[in-house]
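One structure is given here, and the rest of the page talks about it.
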Amino acid sequence: MLRLAETEAIGLCMAPTMIEELAEVLCHEKFQRRMVQLNLSASDLLAYAIDLASAFYVPDSGPVIVAADPDEDVFLRCALAAQASSVVSGDHHLFDLEDQAGIPILSVRQLLDRHFPERSS
């Protein structure tokens, strides 16, 4: 995804709460080996993602969208604020919704298959 954002093939949008969550996720064990291979730290990758993204103000309150996990609401509110064409996620709580206000919720694989078939193989 970051490579697509580098070339401006896609745009990334983030709200401050999303940046905090990304910082936590990048510290998970499952990402450590790959970051070592790339000679990157979690803070390097976080700074890089922030540099590529556009920032959006997203209200912390409002009606709950994802009843099973209200912490995921920020991703949908950010997509609405950014007038995004899709939300890309790996979270099953978001997949259960399928879309939000007409914005489809896709996995990385689904995004690549739909919009970048030459990269999805």
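The values are calculated or read from the model by the stated rules, or taken from the named source; none is laboratory data. Fair warning: this is a prediction, and the values are worked out from it, not measured in the lab. Neighbour counts run over all protein chains shown; Cβ positions are idealised from the backbone, glycine included. We work out accessible area using only protein heavy atoms, side chains counted, and drop any ligands, DNA or RNA first. Shrake-Rupley method; radii C 1.70, N 1.55, O 1.52, S 1.80 Å.
A few notes on this one:
- Segment 1-13 - residue that is outside any loop (DSSP other than H, G, I, E, B) and not small (Gly, Ala, Ser) and, of those, least open to solvent (accessible area, probe 1.4 Å): LEU4
- Verdict on PRO16 being open to solvent by 70 Å² or more (accessible area, probe 1.4 Å) and modelled with pLDDT under 90: no
- Selection from segment 22-70 of residues that are touching a strand residue (DSSP E or B) at 6+ places or on another chain (Cβ under 8 Å) and of a type in the set (Gly, Ala, Ser): ALA49, ALA53, SER54, ALA55
- Scanning segment 1-48 for residues that are without any contact (Cβ under 8 Å) to a residue 40 or more places away in the chain and among the polar types (S, T, N, Q) turns up THR7, GLN32, GLN37, ASN39, SER41, SER43.
- Cβ-Cβ under 7 Å pairs, at least 6 apart or on other chains, segment 97-111 side more than 13 Å from SER85 (Cα to Cα), far side part of a strand (DSSP E or B) and of a type in the set (Val, Ile, Thr): LEU97/ILE105; GLU98/ILE105; VAL108/VAL88
- Scan of segment 56-96 for residues that are over 22 Å from ASP113 (Cβ atoms), in a loop (DSSP other than H, G, I, E, B) and either open to solvent by less than 30 Å² (accessible area, probe 1.4 Å) or basic (Lys, Arg) (or both), ordered by number: VAL58, VAL66
- The condition (being among the acidic types (Asp, Glu) and over 21 Å from ALA101 (Cβ atoms)) is satisfied by just one residue among GLU72, GLU29: GLU29.
- When segment 84-103 is filtered for residues that are in contact with a strand residue (DSSP E or B) (Cβ under 8 Å, 6 or more places away or on another chain) and more than 19 Å from MET14 (Cβ to Cβ), the ones remaining, listed by number, are PHE95, LEU97, GLU98, ASP99.
- Meets criteria (more than 19 Å from ILE19 (Cα to Cα) and in contact (Cβ under 8 Å) with a residue 40 or more places away in the chain) for PHE116: yes
- The residue that is surrounded by the most Cβ atoms within 10 Å (Cβ to Cβ), among those in segment 97-111 that are more than 14 Å from the chain's Cα centre (by Cα) and of a type in the set (A, V, I, L, M), is LEU97.
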